[in-house]
2 protein chains.
Amino acid sequence: MSNFEIPLSNQLAWLDRGTSEIFPLQPDSQDPSENLAIRLKQAERPLRVKLGIDPTGADLHLGHSIPVRKLRAFQDAGHTAVLIIGDFTARIGDPTGKSEVRRQLTPAQVKENAETYLSQVRPILDFDTPGRLEIRYNSEWLNQLDLSEIIELLATMTVGQMLAKEGFAERYQQQNPIFLHEFLYPLMQGYDSVAVKADVELGGTDQKFNIALGRDLQRHFGQSPQFGLLLPILIGTDGIQKMSKSLGNYVGLSDDPLTMYSKLEGTPDHLLTQYFELLTDVPLDQLPEQPREQQKQLALTIVTQYHGEAAAKEAQQAALNLVKGSTTGTGDSVPEFSLSSVDFPAKLFYILKESGLCQSSGEGRRQIQGGGVKLDGDRISAVDQTFDSPDQLVGKVLQVGKKKFARLVD
Amino acid sequence: MSNFEIPLSNQLAWLDRGTSEIFPLQPDSQDPSENLAIRLKQAERPLRVKLGIDPTGADLHLGHSIPVRKLRAFQDAGHTAVLIIGDFTARIGDPTGKSEVRRQLTPAQVKENAETYLSQVRPILDFDTPGRLEIRYNSEWLNQLDLSEIIELLATMTVGQMLAKEGFAERYQQQNPIFLHEFLYPLMQGYDSVAVKADVELGGTDQKFNIALGRDLQRHFGQSPQFGLLLPILIGTDGIQKMSKSLGNYVGLSDDPLTMYSKLEGTPDHLLTQYFELLTDVPLDQLPEQPREQQKQLALTIVTQYHGEAAAKEAQQAALNLVKGSTTGTGDSVPEFSLSSVDFPAKLFYILKESGLCQSSGEGRRQIQGGGVKLDGDRISAVDQTFDSPDQLVGKVLQVGKKKFARLVD
């Protein structure tokens, strides 16, 4: 604690970069409970900055990285990141923004997801400086709650308040079922803030209700209520909808360098500034003028963050070769394979064998099963994936593992 | 179990006496899961018949005795009464029929209430025959529930189903707050049925939702769902509103014989048949013709149930004397005391001393504090109770303990 350096006032630019909202906010107040900037300037100990991640899926994408990056900024300013792995809450699933009830996950699925999540945020956070990171699993305290304590939590809220929450209101109006356990979710997330004594909680703009509820519960349990810091929901690479794995408009944090580079190089022009602001530390007044150059710099910068500079440059070169159709680049070369020798409809594992990417149909099947086969960067997981005509494939890059590529031609 | 005698079909008259509804009910079905009469006739073991009582107050009244009496009828037919003292649920309070949220009770209050409740139902139930009574406290299983199990319970119901429940619907419409923990109440009551493996649950007609929810939960946990047997809500001695301590139109199970007799002797004519049906075993075709005679028989029969025949007859005589103003009855005599010697306004403890019911004002105060002083059967608990004029007292009977009475006259 004694080594904690009080941040200078001019160091607070990081706080506002890309931030949608901070609450409570009385910008003219000098009261550190109403003004996070004042709180930070006057802090005599590292603040505890909470970010909860529910390990509900296997993969994180750049949209998820935004609050994690802000958490890193707090770490760099000397504060303690409290990363909560919602291993308990994930089993219910956050109903926020969902139009239907979510299926409950098994503990085993949750544990597996939690491990992959941690490996994916490792390039973003400071895992090494002592006192800068606390990783907590919310089953630690939620598993301990008994019915009396749960009644105490439930008794802090009314049905009306809960149904006024975005998402619930629409579902109730449309007579889509809301199951009672879904009402517990915001209370459990709020109780996490009590359990870790959070000073600040980070989240997407859709988390305002849940974070505000955490403030109420902290007050109920005699703590000073946390600040909420809300960050935008990222628009996906299609330029229209929010980034989401199921919509296919995402860049995964565990995408290999070439896939990540290729997707980001296609970032729509109108999103470039926002992507730079939210996903990089590049000063926004120093961006290249040409959108094409911005795309390249964005892709190179982000791939560097996750894979290092060498891999990023290699990916840039490989992508360049792909675009040129060249098979003789200095990075990975991409040979062509003509589909004219294949009878359609054709199984993918057969094409893998014929193209020489796999030694046999059997190896092709195993590679698909193992998740090693991608078509234009999208993983193919159906072992019996069949294509009816070469039109579905021509111009695309078929990839096995990280090193073997073939560009499919007529 | 081997001693269990299968009831004869003609013994089932007790099942229907005063019963409002049995569900499920397929009267023409021979399927024992759809027809309680068939289930009883075919039973090869005693059925487990659940009645839950939440010890939320200190006193039970005749309205509460109705399902307890039905429980006794099941006992007499060879079945097992499972009396659940809702020591856990009482701390929340059943929101059924309540227009406002109930204040939560402390564990100490609940424990004390539970003890007085048990002593009050003792005259009704068979406490002695082995295997006929199981007394259970629902904290036994509800205290053990953890958050995962509570989530499982909550996930069986939707907000819409819960808000459709009588009481909740009105409150939600009228924007009276419904606190989230109130939604837990019906689920906990339902889970009680799972915990004790109930075959039948008894309750007032306002309990249909809760008992039906118990059926759903039993199905969810792989049990055969219980039957529900619903009984009327008793109208109070005012002949208008449901019997309730707070409305003052009640006969308490712990009322002394004279109080109980006096209240019942005034039962409104239009309630007499219903009172006989619900509160006694007197065959309804053998009632006296005269309403005055019915009142006397009703009062005598019910006081006998709770205090024995001798005390009932003594109370009848004392009541007779009160009416006649006689001071020379064969039972307790009721001397008169003239208020002409008292200056008004007057403290009650002073009147107690002047009338000779207490030896001193100090004893008068202590008797009031100890709950031993009644005016026309209503306990006076304010030590400083003051009367402004003799008009408030003339014609009433002042009582100290069980033996000392004075009829107040001008």
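The values are calculated or read from the model by the stated rules, or taken from the named source; none is laboratory data. What you see is a predicted model, and the numbers here were worked out from it, not measured in a lab. Here Cβ is always computed from backbone atoms with ideal geometry, including for glycine, and neighbour counts include all displayed protein chains. Each accessible area value is taken on the protein alone, full model and side chains, heavy atoms only, with ligands, DNA and RNA left out. Shrake-Rupley method; radii C 1.70, N 1.55, O 1.52, S 1.80 Å.
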Exercise. For residues that are within 8 Å of chain A (Cβ to nearest Cβ) and assigned to a loop (DSSP other than H, G, I, E, B), scanning just segment B:169-194, find the one that is farthest from the chain's Cα centre (by Cα).
Key: B:Q175
Self-check item: Qualifying positions in segment A:149-168 - away from chain B (no Cβ under 11 Å) and not charged (D, E, K, R)
Solution: A:A164, A:G167
Quiz prompt | Residues that are touching a Ser or Thr at 6+ places or on another chain (Cβ under 8 Å) and farther than 20 Å from A:E134 by Cα, drawn from segment A:196-222 | solution = A:T205, A:D206, A:Q207, A:F209, A:N210, A:R215, A:D216, A:L217, A:H220
Self-check item: Flag for B:Q241 being open to solvent by 60 Å² or more (accessible area, probe 1.4 Å), within 14 Å of chain A (Cβ to nearest Cβ) and either among the hydrophobic types (A, V, I, L, M, F, W, C) or free of Cβ contacts under 8 Å to residues at least 60 places away in the same chain (or both)
Solution: no
Exercise. Output the number of residues of segment A:106-152 satisfying the condition of being within 23 Å of A:V49 (Cβ to Cβ), assigned to a helix (DSSP H, G or I) and hydrophobic (A, V, I, L, M, F, W, C).
Key: 5
Quiz item: Mind checking whether some residue in segment A:283-296 is modelled with pLDDT of 95 or more and crowded, with 19+ Cβ neighbours inside 10 Å?
Solution: yes
Exercise. Looking for whichever is at the interface with chain A (Cβ under 8 Å from one of its Cβ atoms), at pLDDT 90 or above and open to solvent by less than 50 Å² (accessible area, probe 1.4 Å) here; the options are B:L145, B:L125, B:L133, B:L118. Which one fits?
Key: B:L145
Quiz item: Among the residues of segment A:346-369, which ones are open to solvent by 70 Å² or more (accessible area, probe 1.4 Å), at pLDDT below 90 and outside any helix (DSSP H, G or I)?
Solution: A:Q359
Self-check item: Residue among A:T205, A:T158 that is among the β-branched types (V, I, T), surrounded by fewer than 23 Cβ atoms within 10 Å (Cβ to Cβ) and within 24 Å of B:L187 (Cα to Cα)
Solution: A:T158
Quiz prompt | Top-ranked residue of segment A:318-340 - restricted to ones that are open to solvent by 30 Å² or more (accessible area, probe 1.4 Å) and at pLDDT 85 or above, ranked as farthest from A:K263 (Cα to Cα) | solution = A:S340
Exercise. Answer yes or no as to whether A:F221 is touching a Phe, Trp or Tyr at 6+ places or on another chain (Cβ under 9 Å) and open to solvent by 50 Å² or more (accessible area, probe 1.4 Å).
Key: yes
